[in-house]
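Below is one structure, written out as structure tokens, with a few remarks after it.
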Amino acid sequence: MKEKYILVINAGSATLKFKIFDLADLKLIKEGIVERIGLMGSFIEIDNKKEIYEVENHEQAFKLIVSKIIDLKDNIVLISHRIVHGGEEFTKPVLLTKKILNRLSNYNKLAPLHNPVNLSCIKASMKYLPSIPDAAVFDTAFFRTLPDYAYLYALPLNYQRHKIRRYGFHGISHEYVAEQAALQLKKPLNQLNLITCHLGSGCSITAIKDGQAIDTSMGFTPLEGLVMSTRSGSIDPAIPLYLIRKLKMTEEEVNGLLNKHSGLFGLSGFWDMREILIKAGYAVPSFKLKGKTTKREKEICKLTINLFIYNIKKYLGAYAAILGKVDALIFTAGIGERSSIIRQLILKGLPKYKALVIPTNEELMIAKQTKNLIK
């Protein structure tokens, strides 16, 4: 009997990651990533081999991936996608149709760095592999258990008809590492209180009580919460109004400023935490920078790190208070998994929490949640 595979597609703003799993036991068959999409020096890496390609958009990236897995194409029975924002409407994995795609496009403005490229990959999948069904898992779905006093903003209640509320993001990652923490702690997830810290180019923290999410740092959009690589995180809501009225910025310019030109990049001029750490005087193994760091650059990078850490600690304190008991603090994603310096700075001065480093695997979680959608 021919083996059946699931192709999982995980699109970022300038990346496209894929993994192929066996449908029966979710064993990993193949994986790879296209990086720097739309930028100079784009490439695809599969099985630790890099090939340089000029990749202008996510449709081209998807088409490139298909060309590299042509030998496995006939075994693929489902293509599963990560979608960042599903609103209140999409709280469970679904098989995708063009009608559902049209409904999902309503959320593009709420997750402008992610949802448009998520949908672009789905459309490419339907174009280049039309005989294979597509499914989606939503980052927002894990947060369907948030209580109303956690997801509502203090606006007049009649604004609820506009679906203005906290949705939360990185839910697939938070759910995966919570499940893995339960295995490591050898306790049922529904008996654990956890704080999960997803620290990558996007950053979020979630409070999990008895296995269910009860609060999270991202909100109506993925812009709220922690300081991130290019996103400001939480700011005074009057600041965008001030920028529009006083500095005569357009709505689009303010959106670009807060989403693409703020955060670590806006403060220091660098979006990669490794560069910031080195310029601040820390040693980062296997990562070197060319040129000398000026005294001013060092000061700014130290300030950037202090601000980043301070904001994380504020959320940790708040979530510890609402949980009452914290069984473990979990670090995941690029910075959370790989930077022991950042983890040490976060933990310094805090109560002696049990800290776990758990690599996230969103693709495996997506495969697990969608495998039963096909018969």
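The values are calculated or read from the model by the stated rules, or taken from the named source; none is laboratory data. Given the structure is predicted, the values throughout are model-derived calculations rather than measurements. Please note: Cβ atoms are built from the backbone with ideal geometry, for glycine as well, and neighbour counts cover all protein chains shown. Accessible surface areas use protein heavy atoms only, side chains included; no ligands, DNA or RNA. Shrake-Rupley method; radii C 1.70, N 1.55, O 1.52, S 1.80 Å.
Within region 83-98, residues that are buried (at least 21 other Cβ atoms within 10 Å of the Cβ) reach partners that are of a type in the set (A, V, I, L, M) and assigned to a loop (DSSP other than H, G, I, E, B) with beta carbons closer than 7 Å, at six or more positions or on different chains, in the pairs V84/A111; H85/A111. Residues of region 247-274 that are more than 27 Å from K295 (Cα to Cα) and either outside any helix (DSSP H, G or I) or open to solvent by 40 Å² or more (accessible area, probe 1.4 Å) (or both): L247, K248, M249, T250, E251, E252, E253, N255. On inspection, T360 does not qualify as of a type in the set (S, T, Y), over 27 Å from L192 (Cα atoms) and at pLDDT below 95.
Among the candidates D139, D134, single out the residue that is of a type in the set (D, E) and within 20 Å of V66 (Cβ to Cβ). Steps first, answer last, please.
Details: D139 fails: within 20 Å of V66 (Cβ to Cβ).
Every option except D134 fails the conditions.
I want to confirm something. Restricting to region 1-18 and keeping residues that are farther than 24 Å from G171 by Cβ and either in contact (Cβ under 8 Å) with a residue 24 or more places away in the chain or charged (D, E, K, R) (or both), which single residue is least open to solvent (accessible area, probe 1.4 Å)? Looking at the filtered set, the residue picked out is Y5. Scanning region 196-210 for residues that are at pLDDT 95 or above and surrounded by fewer than 24 Cβ atoms within 10 Å (Cβ to Cβ) yields K209, D210. Of the conditions (1) touching a residue at least 60 places away in the same chain (Cβ under 8 Å); (2) open to solvent by 40 Å² or more (accessible area, probe 1.4 Å); (3) hydrophobic (A, V, I, L, M, F, W, C), F21 fails just one. Which one is it? Condition not satisfied by F21: (2). The set of residues from region 225-282 being in contact (Cβ under 8 Å) with a residue 12 or more places away in the chain and among the aromatic types (F, W, Y) comprises F265, F270, W271, Y282. Evaluation of S131 against the conditions (1) closer than 28 Å to G334 by Cα; (2) assigned to a loop (DSSP other than H, G, I, E, B); (3) open to solvent by 30 Å² or more (accessible area, probe 1.4 Å); (4) of a type in the set (G, A, S) shows that the sole unmet condition is (1). Of the residues making up region 109-126, those that are at pLDDT 85 or above, open to solvent by 30 Å² or more (accessible area, probe 1.4 Å) and within 18 Å of the chain's Cα centre (by Cα) number 2.
Report, by residue number, each residue of region 24-45 that is open to solvent by less than 30 Å² (accessible area, probe 1.4 Å) and in a strand (DSSP E or B). Explain how you work it out, then say what you get.
We begin by selecting, within region 24-45, every residue open to solvent by less than 30 Å² (accessible area, probe 1.4 Å); these are 32, 34, 37, 42-44.
Answer for region 24-45, where residues must be open to solvent by less than 30 Å² (accessible area, probe 1.4 Å) and in a strand (DSSP E or B): G32, V34, F43, I44.
Pairing each residue of region 127-156 that is closer than 21 Å to M218 by Cα and without any contact (Cβ under 8 Å) to a residue 40 or more places away in the chain with any residue that is hydrophobic (A, V, I, L, M, F, W, C) and assigned to a helix (DSSP H, G or I), provided the two are 6+ apart or on different chains, yields no C-beta distance under 6 Å. As a summary of the residue check, N106 satisfies the conditions (1) under 23 Å from L26 (Cβ atoms); (2) open to solvent by 30 Å² or more (accessible area, probe 1.4 Å); (3) of a type outside the set (A, V, I, L, M) except for the one numbered (1).
Looking across region 65-81 at every residue that is under 15 Å from M126 (Cα atoms) and of a type outside the set (S, T, N, Q), the one that is most open to solvent (accessible area, probe 1.4 Å) is identified as K73.
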